[in-house]
Amino acid sequence: MASPVPSRVPRPGYAPPSFNPNLGRTPDSLADNMQNLQINRPPGPPSSMPNLSGPRPPPPFANQPFSSSPNLTPPMASFPGPTPVSRPGPPPSGFPRAAPPPIGSPQANPSPSFASGRPSGPPFSQPQPFGLRAPPQGVFPSAPTMTGPTTQPLSDQGPMSNGPHMFTQGTLPGGPRFPSVGSNQQPPVGPPPMLSSPQAPIGQSIHPFPGTPMSSAPLGPPSQLGPPFLATSQGVQPPSATPYGSQMWQMQSRPGASLVPGTMQPPRMFGMPPPPTNQYLPLVPPLMGHMSASGTSITGQSKIDPDQIPRPNPSSSVILFETRQNNQAGYPPPATSDYIVKDTGNCSPRYMRCTINQVPCSGDLLTTSSMQLALMVQPLALPHPSEEPIQVVDFGEGGPVRCSRCKGYINPFMKFIDQGRRFICNLCGFTDETPRDYHCNLGPDGRRRDADERPELCRGTVEFVATKEYMVREPMPAVFFFIIDVSMNAIQTGATAAACSAISQAISDLPESPRTMVGIATFDSNIHFYNLKRALQQPLMLIVPDVQDVYTPLESDVIVQLAECRQHLEQLLETVPTMFQNNRVADSAFGAAIKAAFLAMKSTGGRLLVFQSVLPSVGIGALSAREAEGRTNVSAGEKEIHKLLQPADKTLKTMAIELAEYQVCVDVFITTQTYIDIASISVVPRTTGGQVYYYYPFSALSDSAKLYNDLRWNITRPQGFEAVMRIRCSQGLQVQEYSGNFCKRIPTDVDLPGIDCDKTIMVTFKHDDKFQEGSECAFQCALLYTTVYGQRRIRIHTLSLPCTTVLSNLFRSADLDTQFTCFLKQAGNEIPTTPRYQIREQITNLCINVLHSYRKFCATVSSSGQLILPEGLKLFPLYTLALVKSTGLRTDGRIDDRSYWATHVSSISTPLAVPLVHPRMMAIHSLISKEDDESLIPPTIPLSSADVTDDGIFLLENGEDCLIYVGNMVNSDILQQIFGVPSVDEIPTQFVLKQYDNKLSKKLNNLVNEIRRQRCSYLRLRLCKKGDPSGMLFLTYMIEDKTPGSLSYVEFLVLVHRQIQTKMA
């Protein structure tokens, strides 16, 4: 049956009753200044963006590469792809930033939906910055269009909010959208032309690929990309021109890497640099015992000084890293540091990072070390804005050159012989004939004479244009389908209104391309679809009451082009909260709603975004409240409770496999205040390459801004559809296991209905043969995917590492962050099937075994009374203790919290793994008393309650949450400056950080903004007060403290030492 949406329903404004009406929109809010984040900023200065012509200076690492030889044609045509998407922050001032590439003639065979001529819009995977959109006429009369960052006098504005916005009655929800610095123009909208040259080097055309994953082929003119998070009203002054601040730092040297000369201070990333190659790194001062050059020594418990034990020492320097020097692979900088990569043969460590940077020649040597051999693969990772763009290579109808035996792709480590007529595969050793149109003579050094002109022969990362043989159907369009929970609980908590508001604002950043399609449905115990055809005067509701055998009405009209339905969609999103405001249906047909939406998307595939607020109780995949059973088992012990972390049944898993088969990727936004059984629900996003977003307990006041920012980044970040990934490695190794969010139908490949720049897949290896000393082992990742504009691409990452028979080389080349990330993911995978106490024991034993191996075989001259830690792994005990005490493994905590933690770590990237379990803490009550007044990030404090004083205010962040702890004896002047109240008791529980007209408040807001930039996440702010449960939550992150059932950091080191001594006896 069908019923029209009332046309005269009052505009609800999406303002739940708890919204603070004083949170006004201000031009200098966090939202509007996120254009300075540089997450997805093009290489040129903002002021140059409207002008897409002009010369393009070489990036900092430009080799005059790919200049043409007389008989090999013109210089590479500039590829009008999207903006480079990159890490937060602009490049240091010492590095030139490339201007946008010139626009050339359209390439042959453009997509049928593409119009020729000037591109008319940026690809929606790389959206313009939020600031590029002018405010709607008449909606924000007080928000002038700006051509640069401005600062309004705070005294004239009153307090400004660093939290969610207020949606006023009768206005379109959406904050002011200001043009970025130096530009008040919006880029034209539409697909770009492709460039080609009839004289491209032998059988291929090459395009500079500006940046990123999603932005593969012809995607549009260079345009500024929006940051991954924005808020419509944050009340924060614009940051300085560079988020790196203005303080200079000391220059250091590093073999294989160098520091950026003359640059400004970068964000202080959290982590510990590994030891430089062939360079003595100052060690932790001795602790009553000698210090060995081979590592850190620690003796006896009574002699350990807590102030001298190993702790993270964040680097404040930007590191320049060349992936290969003198034909040797370099040790990559720490994943948590700030670095710029020059691709000189190996791919950037952002894309592939190995746990050990020298491969053991045999399995026995690896077993002796007790370390893991694994890769962390993030194929669409965001590069730094100063890094040279990825090149797109088109081999024409013949496709890229490949090994005929193992099907490995051409790369810099394939050796050409017989005057270039044959080549030897570096993966399987097979010798192939060189295709006639790819032949080139060899130079005196044995390399092809055109090697430096061909990206695939000199770069570790390259992107190939896929031919028809890589397609089983025409590339799919970009489909986004939204499903919103409108059950009674969702309406009453404001979750429905917040979801509608977030969707309404986020879709405004999608271009009106013919390939962008959307659909929407709501559900409680029934499913409500909406016909959004433009021909209708208003959206038409179509109700599906059968939640056991669901169907999709009017399939062709449920999903329509965004350009055709934008007005109806906005009207509907304004109306939904009011339509269901008196809904008294408490049931939720979560599984049935997904199934029904899937039937509508089955012919195309796409991204399905579900907003869920209560436990699914009816229809397909209905669940029961298992939490009560969990509480009973908690009192009985841990032996059976882990079963509650497994899916309740196989219904949702079976449905998820079917979704993945038809290329539907599901993301679930959980806005709940009760138990919702994440263990069962998360099966769907984990199997389809999606993600779970968790807001517990959901607050419409404090969580709406994060919900919007998370959704906006989800649909606008660089991403791909219908992807398949395979890892190949040299003979002697074989892939043991893949781990992450994907569906696997055959052992060698992983199917990814959706893949984005944030997803990481772990690949573990085992030996099946031995390597020769001095040889190299190669790894190659091949990702076949479809861009949001419908181009099929093959992204190739190649990494070649030396092999060794020397055990000490393995410890010297161990990558701490990657080793720990491997242990973290393995622990997360074990949570549903193994009791927590067993996992804690396993993790502790892994740490002890690694350190015992080092002590036994590499530090034999030291006294047995000393704990010797390898320099590169000296923080391993601290991180292991942090993992043992983490949300997923500690003895207390909610079942849903542990399930979410296990789901989250399954796809977490290496730079965010360490902060998740070992957060950083800093004092904010003394921000303005520091001599270094220009630094945005103050020094970190050890995670010990001894450093948390009653008269202080402290900030702790882990990449997900940002906790602000307030002692019970804080000076009233400081409270007044930060919170606007004179006493702790007056600070509201529903906390929203505001900016007041004083220096301390401004510095705190700038600090929060900087952390959000560094983490690429709109952190959830939570207030913690001493003496109440929120204060206890804060203290659970004090890793170095002794707690009931767990050891302090000093005690843990003593335990590790004793265990090693026992093994040595």
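None of the figures in this text is laboratory data; all of them are computed from the coordinates on show. For clarity, every value in this text was computed on a predicted model and none was experimentally measured. Ideal geometry is used to build each Cβ from the backbone, glycine not excepted, and the neighbour counts take in all protein chains shown.
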Name the residues of the range 753-793 whose amide N is less than 17 Å from a point 7 angstrom out from the Cα of Cys428 along the C-beta direction?
768-769, 778-782
Stokes-Einstein at 37 °C, 0.692 mPa s, Kirkwood radius from Cα pairs: D for the range 914-1065 in µm² s⁻¹?
197
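Quick check: convex hull of the Cα atoms in the range 303-409, volume per residue, rounded to a whole Å³?
186
Find the Cα radius of gyration of the range 893-958, compare it with 2.2 N^0.38 Å by division, and give the number to two decimals.
Relative to the 2.2 N^0.38 Å estimate, the range 893-958 comes out at 1.42.
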Sparse-neighbourhood loop hits (trypsin sites (Lys or Arg not before Pro), the range 302-408; DSSP loop; Cβ within 10 Å at most 16 others) -> Arg405, Lys407
So what are the radius of gyration and Dmax for the Cα set of the range 429-491, in Å?
24.0, 77
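Take the Cβ-Cβ distance between Lys643 and Ser362 as r, set R0 to 41 Å, and report the resulting FRET efficiency rounded to the nearest 0.05. Numbers along the way, then the final one.
On the way: r = 39 Å, r/R0 = 0.96.
Using R0 = 41 Å, I get an efficiency of 0.55.
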³J(HN,Hα) computed for each position of the range 652-667 - Karplus, 6.51 cos²θ - 1.76 cosθ + 1.60, integer Hz, glycine/proline x:
5, 5, 4, 5, 5, 5, 5, 4, 5, 4, 9, 6, 9, 9, 10, 10
Largest-first principal axis extents, alpha carbons of the range 929-989, Å:
28, 26, 24
Between the range 925-991 and the range 377-398, how far is it from one alpha carbon centroid to the other, in angstrom?
42
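What ranking, highest mean first, results for peptides 1012-1023, 466-477, 752-763 when packing means the other Cβ atoms within 10 Å averaged over each residue?
Details: 1012-1023: 21.9, 466-477: 14.2, 752-763: 26.1.
Peptide ranking by packing, descending: 752-763, 1012-1023, 466-477.
Can you pull the Rg over Rh of the range 644-767, Cα-only, Kirkwood?
Numbers: Rg = 16.5 Å, Rh = 16.0 Å.
When Rh is taken as the Kirkwood radius, the ratio is 1.03.
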Sorted by chain and then number, the residues having a modelled amide H within less than 5 Å of the amide H of Phe669, at least 5 places away or on another chain, are Val610, Phe611, Gln612, Tyr693
Give me the one-decimal nm value for the distance between modelled label points at Tyr837 and Tyr470, 7 Å along each residue's Cα-to-Cβ direction.
5.2
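Under 10 °C and 1.306 mPa s, how fast does the range 353-498 diffuse according to Stokes-Einstein, given a Kirkwood radius computed over C-alpha pairs? Answer in µm²/s, whole number. Write out the running numbers ahead of the final one.
Values: Rh = 20.0 Å.
This corresponds to a translational diffusion coefficient of 79 µm²/s.
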Given pairs Lys602/Lys653; Lys602/Lys744; Lys643/Lys706; Lys653/Lys744; Lys885/Lys1025; Lys643/Lys885 and cut-off 24 Å on Cα-Cα distance, the over-length ones are Lys643/Lys706
Given a cut-off of 19 Å, what percent of all Cα-Cα pairs of the range 978-1060 lie beyond it?
59
Which whole-number percent of Cα pairs in the range 787-857 have a distance greater than 13 Å?
77
Over the range 845-928, what is the relative contact order in percent, taking alpha-carbon pairs closer than 8 angstrom and at least six residues apart?
23
Using amide H atoms built in the peptide plane, which far-off residues or other-chain residues are under 5 Å from Ile527 H to H?
Val544
Running Debye on the range 848-947 with equal point scatterers at the Cα sites and no solvent, what base-10 log of I(q)/I(0) appears at q = 0.18 Å⁻¹?
-1.02
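Where Lys and Arg each count +1 and Asp and Glu each count -1, what net charge lies around Val668 among other residues with Cβ under 11 Å from its Cβ?
Net charge around Val668: -1.
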Rule-of-thumb check for the range 460-602: C-alpha Rg over 2.2 N^0.38 Å?
1.17
Scattering curve values for the range 341-392, log₁₀ I(q)/I(0), Debye with Cα scatterers, q = 0.12, 0.14, 0.21 Å⁻¹
-0.38, -0.49, -0.80
Taking θ as phi - 60°, what are the ³J(HN,Hα) couplings along the range 784-792 by the Karplus curve (6.51, -1.76, 1.60), each to the nearest whole Hz, with x for Gly and Pro?
9, 8, 10, 6, 5, 9, x, 9, 8
Compute log10 of I(q)/I(0) for the range 552-597 with the Debye formula, placing one identical point scatterer on every Cα and leaving out solvent, at q = 0.16, 0.21, 0.28 Å⁻¹, to two decimals.
-0.67, -1.01, -1.04
Starting at the first residue of the range 477-490, write each ³J(HN,Hα) from the Karplus equation 6.51 cos²θ - 1.76 cosθ + 1.60 with θ = phi - 60°, in whole Hz, x for Gly and Pro.
x, 8, 10, 10, 10, 10, 10, 10, 6, 10, 5, 4, 5, 5
Can you give me the long-range amide H partners of Phe416? Hydrogens built in the peptide plane at 1.01 Å from N, cutoff under 5 Å, separation of 5 or more residues or another chain.
Ile424
